Amino acid sequence: VQLQASGGGYVQSGGSLRLSCAASVSIFSIKNASWYRQAPGKQRELVADSTRGGTTTYADSVKGRFSISRDNTKNTVFLQMNNLQPEDTAVYYCSGLVLSTQYWGQGTEVTVSS
């Protein structure tokens with residue numbers, strides 16, 4: 001299973017970005033599709049999670065601003081990020097749980113200026 005993350009970049013505070021994670025397998029085989037992030041000097045943290053059954057969960061810090069979704073036709077998971085703040089600056093990683101193995105994408109960097 002390969003996951004290819006893209007869509008990161010540089011944006012001003014209040015701006016938006018959409019991250020994409022293209023999977024090499026059918027999206028239906030991914031039980032949990034997630035986005036994590038790791039800021040400099042900090043531990044990796046879960047940002048958003050989407051189950052195969054449609055349940056989504058978010059970190060408190062991004063609720064109401066970020067939205068995770070799946071496109072079954074493109075085998076892609078998206079993370080729409082609105083009203084970005086400097087504290088959202090991090091490397092974002094997509095992850096997929098297939099059977100009992102967790103796979104990771106390579107990360108895409110998001111920088112938010114104040």
> Can you name the condition, by its number, that residue 39 falls short on among (1) open to solvent by 40 Å² or more (accessible area, probe 1.4 Å); (2) touching a residue at least 24 places away in the same chain (Cβ under 8 Å)?
Replying inline: (1)
>> For region 43-70, which positions are at pLDDT below 95 and either open to solvent by less than 60 Å² (accessible area, probe 1.4 Å) or within 23 Å of residue 4 (Cβ to Cβ) (or both)?
In response: 52, 54
> Would a scan of region 17-36 turn up a residue that is in contact with a helix residue (DSSP H, G or I) (Cβ under 8 Å, 6 or more places away or on another chain) and within 17 Å of residue 4 (Cα to Cα)?
Replying inline: yes
>> Would you confirm, using the coordinates I've provided, whether residue 108 is out of contact with any His (no Cβ under 8 Å at 6 or more places or on another chain), open to solvent by 70 Å² or more (accessible area, probe 1.4 Å) and hydroxyl-bearing (Ser, Thr, Tyr)?
In response: no
> In region 6-23, which residues are open to solvent by less than 40 Å² (accessible area, probe 1.4 Å) and within 12 Å of residue 108 (Cβ to Cβ)?
Replying inline: 7, 8, 9, 17, 19, 20, 21
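The values are calculated or read from the model by the stated rules, or taken from the named source; none is laboratory data. Please read these numbers as outputs of a predicted model, since none were measured by experiment. Heads up, the Cβs are rebuilt from the backbone with ideal geometry, glycines too, and the neighbour counts pull from every protein chain shown. These area figures cover heavy atoms from the full protein model, side chains too; ligands, DNA and RNA do not enter into them. Shrake-Rupley method; radii C 1.70, N 1.55, O 1.52, S 1.80 Å.
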